[in-house]
1. For Kirkwood radius over Cα pairs in Å, pick the label among (i) 17.3; (ii) 18.0; (iii) 18.9 that corresponds to the value derived from the coordinates.
2. So for the pair residue 61, residue 46, with labels modelled 7 Å out along Cα→Cβ, what separation do we get in nm?
3. Could you tell me how many degrees, from 0 to 90 and to the nearest 10, lie between the Cα long axis of helix 157-175 and the main elongation axis, the longest principal axis, of the Cα atoms of the chain?
4. What's the angle, to the nearest 10 degrees (0 to 90), between helix 62-71's Cα axis and the longest principal axis of the chain?
5. What does the charge count near residue 39 come to, summing +1 for each Lys or Arg and -1 for each Asp or Glu among other residues with Cβ under 11 Å from its Cβ?
6. Of the options 103, 92, 196, report the single residue whose Cα projects farthest towards the positive end of the charge dipole of the chain (beta-carbon charges: Lys, Arg +1; Asp, Glu -1).
7. Solvent-accessible area per residue for segment 56-167 at a 1.4 Å probe radius, Å²?
8. Just the projected area, averaged over all directions, of the convex hull on the alpha carbon atoms of segment 24-107: how many nm²?
Amino acid sequence: MTAPAGTRSGPGRPRDPQLDAQVLAAAQELLVSEGYEATTIAAVARRAGVVTTSIYRRWPSKRALIEDAIFALDTGNHPVPTGDLRADLLAWTRLFLTAAAHPAARSAIPGLLAAYHDDRESYRRLLDRGEQPTRAALRELLANAAAEGQAAPGCDVDAVFECLRGATLIRALTHGAEDADAFCRQIADALLAVASAPTR
C-alpha cells in the first residue's frame, strides 16, 4: 500500500479529481460500515450520489475500485531516512501497520486476497504498482545502512521486506492498532536483527 490512488486512466473525457475522491471516500465508508461483500458498485454509487456509469468509466470492476480506495489511504511517501537504521525500521513498521490497520483496509484486504486467488495476473499488476517501489526504497535504505556499518553487507532485503509486510499485515487484521507502539518496537528490533545477520 504505497502507491497513490488515481493512477488508472482510460479513454474519454479527463478525470474529475473531485468526483474520484467522492467515489473513493464512499467506498471507504461502505467498507467500514457494511464490509467487503456489500461494497458493490451500485452501493458506492448510491453513497457517493452518482450514477453507476460514472464509476464504470473510471474503474472496470469492484475490485479495481476497492484497490484504489485502499491505496488512497496511503500518502505514497516512504519514511525519510534519519541515519539511524533502528529508528528508520521503526518508522517503516509504523507506516505499514497504520495503513493496514485502517478500518477500511482491514475490511477490504481479506476480500481482495480471496479475489486474487484465481487471478494471478491482477495480483502481479498490484504488486508492480505498490510493492516494487517500496522494495526499491527499502533496498536503498539498507544499502546506505550497510555502507555505514549498521547493516550486513549484502543483507537480505527481501527477507526484511517479507518480515515487515507479513508481521504488520497479520497484526493489523487480528488486532488493528491495539498496543501498536510496543508491537512496532518489537518488530523493528526483529527487522534490525535480520538486516544485521551475515549473508550466507
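1. Matching the structure shown: (ii).
2. Using points 7 Å along Cα→Cβ, the separation is 2.4 nm.
3. Helix 157-175 sits roughly 50 degrees off the main axis of the chain.
4. Tilt relative to the chain: about 50 degrees.
5. Values: positive: 47, 62, 63; negative: 29, 34, 37.
Value of the local net charge: 0.
6. It is 103, whose Cα lies furthest towards the positive end.
7. With all protein chains present, segment 56-167 gives 47 Å² per residue.
8. Working: hull surface 23.2 nm².
One quarter of the hull surface, i.e. the mean projection, equals 5.8 nm².
The values are calculated or read from the model by the stated rules, or taken from the named source; none is laboratory data. Just so it is clear, the structure is predicted and the values come from calculations on it, not from any experiment. Here the Cβ is made from the backbone with ideal geometry for all residues, glycine too, and neighbour counts use every protein chain on show. The accessibility values were calculated without ligands, DNA or RNA, using every heavy atom of the protein model including side chains. Shrake-Rupley method; radii C 1.70, N 1.55, O 1.52, S 1.80 Å.
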